[in-house]
1. Leaving ligands, DNA and RNA out of it, rank 121, 126 by accessible area with a 1.4 Å probe, largest first.
2. Which value, in debye to the nearest 20, describes the size of the charge dipole of the stretch 54-146 about its Cα centre when Lys and Arg Cβ atoms bear +1, Asp and Glu Cβ atoms bear -1, and nothing else is charged?
3. Given the peptides 82-88, 133-139, arrange them by the average over their residues of other C-beta atoms within 10 Å, most packed first.
4. Which percent of the accessible area of the stretch 17-155 is formed by carbon and sulfur heavy atoms (probe 1.4 angstrom)?
5. Please work out the ratio of the alpha-carbon Rg of the stretch 16-155 to 2.2 N^0.38 Å and round it to two decimals.
6. To the nearest 0.05, how large is the calculated FRET efficiency for residue 99 and residue 26 if R₀ is 35 Å and r is the Cβ-Cβ distance?
7. Taking the Cα centre of each part, how many Å lie between the stretch 67-83 and the stretch 36-59?
Amino acid sequence: MSEDRNTHRDGAERDGAKPDGAAVPDAPTPVGIDDLLERVRAGYDRVGPAEAAAAAEAGALLVDIRYAALRDRDGLIPGALVVERNELEWRLDPRGSHRAAEAVGHDLRIVVICNEGYASSLAVASLRQLGLHRATDLIGGFQAWRGAGLPVTSA
């Protein structure tokens with residue numbers, strides 16, 4: 001089997017060209033997850049447990065994105081809206097047809113909570129792309145909330 005200049009035998013592209021010779025748009029430079037988290041977090045101020053609790057008292061929406069097994073094992077934050085990560089954007093987009101009743105506008109203060117504060121940072125980046133410019137996340141996640149002695153109820 002012969003191989004043209006831009007295509008390997010398995011059909012994979014190389015040298016920035018498609019098998020038909022058309023140029024491939026520049027792909028983003030790969031980045032590791034630690035670098036991605038650092039970049040994402042540089043765009044907003046994260047909050048600690050006490051700040052998250054105070055924000056909730058002032059009307060912010062706490063959003064728990066942990067999966068069911070973690071909620072069952074560790075409990076819930078009273079008053080937090082539970083939205084699993086795979087539904088988050090649909091439920092919090094104020095213009096979305098599947099939005100939660102709490103998703104009242106782009107100015108809503110949202111504190112996203114995952115288990116330890118990693119997935120929530122990536123979720124915030126996505127919410128900010130939807131225009132939810134006041135979204136942030138809880139440093140240390142649910143574990144930090146519980147560790148600070150803040151209220152937790154059984155699932």
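The values are calculated or read from the model by the stated rules, or taken from the named source; none is laboratory data. All of these numbers come straight from a predicted model, not from anything done at the bench. Every residue, glycine as well, gets a Cβ built from its backbone with ideal geometry; the counts of neighbours run over all protein chains shown. Side chains included, ligands, DNA and RNA excluded: accessible areas come from the protein's heavy atoms. Shrake-Rupley method; radii C 1.70, N 1.55, O 1.52, S 1.80 Å.
1. Working: 121 0, 126 25 Å².
Per-residue accessible area, sorted high to low, gives 126, 121.
2. Numbers: 11 positive and 12 negative charges, 17 e Å.
In total the dipole reaches around 80 debye.
3. Values: 82-88: 15.7, 133-139: 22.1.
The packing order, highest mean first, is 133-139, 82-88.
4. Details: 3950 of 7660 Å².
On the stretch 17-155, the fraction of accessible area on carbon and sulfur atoms equals 52 percent.
5. On the way: Rg = 17.2 Å, N = 140, 2.2 N^0.38 = 14.4 Å.
Normalised Rg, Cα atoms only: 1.20.
6. Details: r = 35 Å, r/R0 = 1.00.
Calculated transfer efficiency: 0.50.
7. 19
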